C-alpha cells in the first residue's frame with residue numbers, strides 16, 4: 001500500500017528540518033511537529049494500520065524512544081502486543097542485549113528475554129521514526145530473533161537513502177520507509 005501524493009505531502013510538510021543539529025552539517029528531521037499535527041499524525045497512523053492489518057502480526061517492537069510513539073499506537077490499533085527495545089539499563093527484568101557501532105563509539109540496546117515467549121515464532125514488526133546508518137535497527141532486528149521472534153519487516157517514517165542503513169538492514173528483513181530522503 002502506497003501513500004497518495006496528497007498524504008505524502010501532508011506528512012512531509014509536517015516534519016521540520018533543523019540545520020546544524022546535533023552538530024554542524026547535519027540536517028535533523030524533527031518529527032515532534034508531525035506528532036502535534038493531528039491531521040498528519042492521523043494520516044500516518046491510518047496508513048500504517050492499512051498497510052499492516054493483514055500481516056498477521058503478533059507484536060510491534062518499537063526502538064527507544066520515538067519508535068515507542070508509533071509502535072504502541074499501531075499495536076493498539078491492530079489489537080496486538082507492544083515490545084519496547086530500549087537502551088541498555090532501562091528495562092527492569094532479565095534482558096538480552098546487542099551492541100552496535102556509532103560514528104563515535106559503541107552503544108547497546110536490549111529487550112526482555114521473554115518478550116515473545118507467549119507465542120512461538122511470533123511475527124514481529126520493528127518500527128522507528130528514522131533509519132540512517134542502521135546500527136540501532138540492525139541490533140534490534142537481531143534481538144527480536146534472539147528472543148524467539150521473527151522480524152517480518154522493519155518500518156520507518158523516514159529513510160535516509162544517502163546512507164547505507166536501509167541496504168544493510170535488508171540482509172536481515174524487508175524494509176519499508178514511508179518517506180525516503182535522498
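The values are calculated or read from the model by the stated rules, or taken from the named source; none is laboratory data. All of these numbers come straight from a predicted model, not from anything done at the bench. Cβ atoms come from the backbone with ideal geometry, glycine included; neighbour counts cover every protein chain shown.
So that you can scan it fast, the table gives a plain yes or no per residue for (1) in contact (Cβ under 8 Å) with a residue 12 or more places away in the chain; (2) in contact with a helix residue (DSSP H, G or I) (Cβ under 9 Å, 6 or more places away or on another chain):
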residue: 133; (1), (2): yes, yes
residue: 137; (1), (2): yes, yes
residue: 140; (1), (2): yes, yes
residue: 143; (1), (2): yes, no
residue: 154; (1), (2): yes, yes
residue: 157; (1), (2): yes, yes
residue: 164; (1), (2): yes, no
residue: 170; (1), (2): no, no
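Of the residues making up the range 113-125, just one is closer than 15 Å to residue 142 by Cβ and either at pLDDT below 95 or surrounded by fewer than 21 Cβ atoms within 10 Å (Cβ to Cβ) (or both), namely 113. Taking the range 15-78 and the strands (runs of 3 or more DSSP E) fully enclosed by it, no element has 3 or more residues that are touching a helix residue (DSSP H, G or I) at 6+ places or on another chain (Cβ under 9 Å) and without any contact (Cβ under 8 Å) to a residue 24 or more places away in the chain.
Taken over the range 1-13, the criterion of being under 19 Å from the mean Cα position of the chain (by Cα) and exposed (fewer than 15 other Cβ atoms within 10 Å of the Cβ) is satisfied by 1, 2.
The residues on offer are 167, 150, and the sole one that is touching a strand residue (DSSP E or B) at 6+ places or on another chain (Cβ under 9 Å) and in a strand (DSSP E or B) is 150. Only a single criterion out of (1) under 17 Å from the mean Cα position of the chain (by Cα); (2) in a strand (DSSP E or B) is not satisfied by residue 133, namely (2).
Quick grid of which residues meet (1) surrounded by 12 or more Cβ atoms within 10 Å (Cβ to Cβ); (2) closer than 22 Å to residue 159 by Cβ; (3) touching a strand residue (DSSP E or B) at 6+ places or on another chain (Cβ under 7 Å):
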{"position": "15", "(1), (2), (3)": "yes, yes, yes"}
{"position": "52", "(1), (2), (3)": "yes, yes, yes"}
{"position": "63", "(1), (2), (3)": "yes, yes, yes"}
{"position": "72", "(1), (2), (3)": "yes, yes, yes"}
{"position": "81", "(1), (2), (3)": "yes, no, yes"}
{"position": "90", "(1), (2), (3)": "yes, no, no"}
{"position": "102", "(1), (2), (3)": "no, yes, no"}
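Of the residues that make up the range 84-96, is at least one touching a helix residue (DSSP H, G or I) at 6+ places or on another chain (Cβ under 9 Å), more than 24 Å from residue 35 (Cβ to Cβ) and part of a helix (DSSP H, G or I)? Checked the range 84-96: no residue is touching a helix residue (DSSP H, G or I) at 6+ places or on another chain (Cβ under 9 Å), more than 24 Å from residue 35 (Cβ to Cβ) and part of a helix (DSSP H, G or I).
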